[in-house]
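To keep things clear, I will list the structure first and then write my remarks on it.
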Amino acid sequence: MKKKLFLLFLSLYVFFPLKAQTSSEGLNRIIDKVREEHDIPEITAAVIETDKIFYGISGIPRTVKSDIDILKSKIHLGTNSKTITSFIAMKMIEDGKISLDAKLGETVAELSSMNNSHMISLGDLLTNTSSVDAYDKEKDFKKMPSLSGSLFHKMTEFSRIALEKRSGDKTFSNAGYVMAALMLEKVANTPFNELLRKVLEEDLKLSCFTSVPDKTQLQNFWGSWGDSNLQIAHFASNPHLNSDYMVAAEGISMDIVDYSKIIQLSLNGLLGDNNYLNNDKYTLLHFNSDEYSYGWKNGILNTYKISFHENESTTYFLHAVIVPSNKIAIIIMSRKRDDSSKEGIYALRDILIENYSK
């Protein structure tokens with residue numbers, strides 16, 4: 001499809017560092033219009049093609065930050081952290097270190113005494129079909145004892161508590177991803193945070209950190225908390241979700257540039273490219289089962305088959321979507337006022353798909 005707008009664009013190749021990072025004026029104009037129509041405070045977006053990425057920024061004062069600062073600011077991925085955890089798991093599966101059929105109780109000896117642990121597979125945990133409770137609200141943690149000791153011990157004790165409370169319902173589960181991370185740790189004999197660092201920083205030359213940026217990190221987290229003209233991190237309304245043992249489910253922070261590179265790998269992989277993973281693993285990752293695959297949801301948008309994941313808090317919204325048939329992916333990071341802001345984000349997504357599809 002022909003581009004409808006002239007764009008100043010940034011060519012971005014996944015494994016090479018950026019020489020410049022700036023926003024696209026054409027994309028900025030599209031975002032400005034949607035942001036104003038829907039009264040959204042701030043938006044940063046990326047339009048990802050197979051060989052280049054366009055960035056757009058709207059509502060963020062350039063007197064506070066340059067384009068480079070904004071694009072390299074870390075934002076809390078929240079539940080989109082699951083897309084990274086599943087990506088790491090798929091790499092380990094491809095390398096023959098673990099299988100989707102591996103059982104929790106057989107892999108993590110510390111949980112082997114839990115009867116149901118021998119019925120739950122890595123695949124069940126990554127697709128949220130394990131019947132482990134969600135643990136996505138503060139009330140879920142209120143009756144829990146305080147967890148202490150090493151990070152591995154806290155992850156193990158939290159998993160034990162979640163297994164005892166297992167509801168029998170198949171539901172979106174943060175606890176399930178903590179258990180999946182334990183399985184990956186065990187077979188790699190490496191803490192999950194180190195696996196994260198190895199894949200993102202060593203292998204892919206990307207940048208991330210764990211947990212939510214705090215109020216002192218003014219260079220990060222542009223879109224979630226406002227203080228005069230400075231856009232800095234809010235204090236989490238649910239501190240448990242940002243605990244160190246929840247990293248695999250909720251706790252990864254990345255900037256839009258580096259998260260876009262991860263998404264670009266998936267886009268190209270779904271189009272048949274073998275890159276960090278072989279293309280069949282990308283198909284498995286995104287479309288192995290209907291509605292929810294491994295860390296990614298999927299469905300039909302208009303007539304397009306899509307893979308997507310989104311994170312929402314009281315102050316910000318993150319939406320990532322891949323449309324393989326159109327050779328395009330979109331990431332939108334937005335500060336929001338209320339639920340009506342989501343309508344604007346979805347409208348912007350649809351406009352960007354229409355304008356940039358090939």
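Tabulated data for the structure shown
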item: Any hit, segment 124-134, residues being more than 21 Å from the chain's Cα centre (by Cα), free of Cβ contacts under 8 Å to residues at least 60 places away in the same chain and within 23 Å of I98 (Cβ to Cβ); result: yes
item: Search result, residues across segment 318-341 that are more than 18 Å from T283 (Cβ to Cβ) and at pLDDT 90 or above; result: L318, H319, I330, I331, I332, M333
item: Members of segment 24-77 that are touching a Leu at 6+ places or on another chain (Cβ under 6 Å) and over 22 Å from E312 (Cα atoms); result: S24, E25, G26, K52, I53, F54
item: Selection count, segment 95-116, where residues are within 26 Å of W296 (Cβ to Cβ), out of contact with any Lys or Arg (no Cβ under 7 Å at 6 or more places or on another chain) and not β-branched (V, I, T); result: 9
item: Subset of segment 340-358 (residues that are out of contact with any Phe, Trp or Tyr (no Cβ under 8 Å at 6 or more places or on another chain) and among the aliphatic types (A, V, I, L, M)); result: A347, L348, I351, L352
item: Test result for L111, closer than 27 Å to N288 by Cβ, touching a Gly at 6+ places or on another chain (Cβ under 6 Å), in contact (Cβ under 8 Å) with a residue 12 or more places away in the chain and not assigned by TED's automatic domain parsing to the domain that holds L284; result: yes
item: Count of residues meeting criterion [at pLDDT 95 or above and either closer than 19 Å to K91 by Cα or surrounded by 17 or more Cβ atoms within 10 Å (Cβ to Cβ) (or both)] in segment 279-303; result: 16
item: Some residue of segment 72-85 being closer than 14 Å to S159 by Cα, outside any loop (DSSP other than H, G, I, E, B) and outside the structural domain of A45 (by TED's automatic domain parsing); result: no
item: In segment 287-296, the residues that are under 10 Å from F87 (Cα atoms) and in a helix (DSSP H, G or I); result: none
item: Where A181 falls short, out of the listed (1) more than 19 Å from L196 (Cβ to Cβ); (2) modelled with pLDDT of 95 or more; result: (1)
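The values are calculated or read from the model by the stated rules, or taken from the named source; none is laboratory data. These numbers come from a predicted model, not from an experiment. Heads up, the Cβs are rebuilt from the backbone with ideal geometry, glycines too, and the neighbour counts pull from every protein chain shown.
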